[in-house]
Amino acid sequence: QVQFVESGGGLVQPGGSLRLSCAASGVTFSSYRMSWYRQAPGKERELVAAINRFGTFTNYADSVKGRFTISRDNAKSTVDLRMNSLEPEDTAVYYCNAAGSVAGLFTTKYWGQGTQVTVSS
C-alpha cells in the first residue's frame, strides 16, 4: 500500500515557526521529485516548494522565499518543510506531492492527505 502522510501542522502565532513532515511508504522514495503545495479556503492549490530526487536543487514560491526551507531524507523516506516568520496569509492545508519522470517530463503520481496550518494571534 502506497502512503504519503503529512504531520506537524497546527496553530501558531504570526512570526512563529512550524516544521511539517511527509512520510512515504510503499514506494521507492528517491525516484520522486517532492513538493509541498498549499490550499487556502476558496483559493486554488498552489506550489510552495519543490526539491529534486537527491536534494541538490530546490525551488520556492516568491511568497515564501527566505522564510521556508524544503529538505528530504531518502534514507527515511521523508520530506520536510521548515516554516519561519509565519504570516496569516500562510494559513492553509499543506499537502506533499510526489512526481515521477515520464519520458523526461515530471507528472504528479501521489498526494498526501494534508495537514492544517493556521497562523493567527
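The values are calculated or read from the model by the stated rules, or taken from the named source; none is laboratory data. Just so it is clear, the structure is predicted and the values come from calculations on it, not from any experiment. In this analysis, Cβ positions are derived from the backbone assuming ideal geometry, glycine residues included, and neighbour counts consider all displayed protein chains. To get the accessible areas, we keep the full protein, side chains included, count just its heavy atoms, and leave off ligands, DNA and RNA. Shrake-Rupley method; radii C 1.70, N 1.55, O 1.52, S 1.80 Å.
Residue-by-condition table, conditions (1) farther than 16 Å from Val117 by Cβ; (2) in a loop (DSSP other than H, G, I, E, B):
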| position | (1), (2) |
| --- | --- |
| Pro14 | no, yes |
| Cys22 | no, no |
| Ser30 | yes, no |
| Trp36 | no, no |
| Ala50 | yes, no |
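If I ask for residues that are open to solvent by less than 30 Å² (accessible area, probe 1.4 Å) and in contact (Cβ under 8 Å) with a residue 24 or more places away in the chain, which ones from segment 52-67 would you list?
Val64
Test Val93 against the criterion of being part of a strand (DSSP E or B) and open to solvent by 60 Å² or more (accessible area, probe 1.4 Å), and give yes or no.
no
Output the residue which, of all residues in segment 68-90 that are open to solvent by 60 Å² or more (accessible area, probe 1.4 Å) and in a strand (DSSP E or B), is nearest to Leu11 (Cα to Cα).
Arg82
Looking at segment 31-38, can you tell me whether even one residue there is at pLDDT 95 or above and farther than 18 Å from Ser71 by Cβ?
For segment 31-38, residues at pLDDT 95 or above and farther than 18 Å from Ser71 by Cβ: absent.
Among the residues of segment 1-44, how many are open to solvent by 80 Å² or more (accessible area, probe 1.4 Å) and more than 12 Å from the chain's Cα centre (by Cα)?
Residues in segment 1-44 being open to solvent by 80 Å² or more (accessible area, probe 1.4 Å) and more than 12 Å from the chain's Cα centre (by Cα): 9 in total.
With the structure loaded, tell me whether Lys65 is farther than 22 Å from Ser17 by Cα, of a type in the set (D, E, K, R) and modelled with pLDDT of 95 or more or whether it fails that test.
Values: farther than 22 Å from Ser17 by Cα: no; of a type in the set (D, E, K, R): yes; modelled with pLDDT of 95 or more: yes.
Criteria not met by Lys65.
Could you tell me how many of the residues in segment 96-121 are within 15 Å of Glu46 (Cα to Cα) and part of a loop (DSSP other than H, G, I, E, B)?
Of the residues in that region, 2 qualify.
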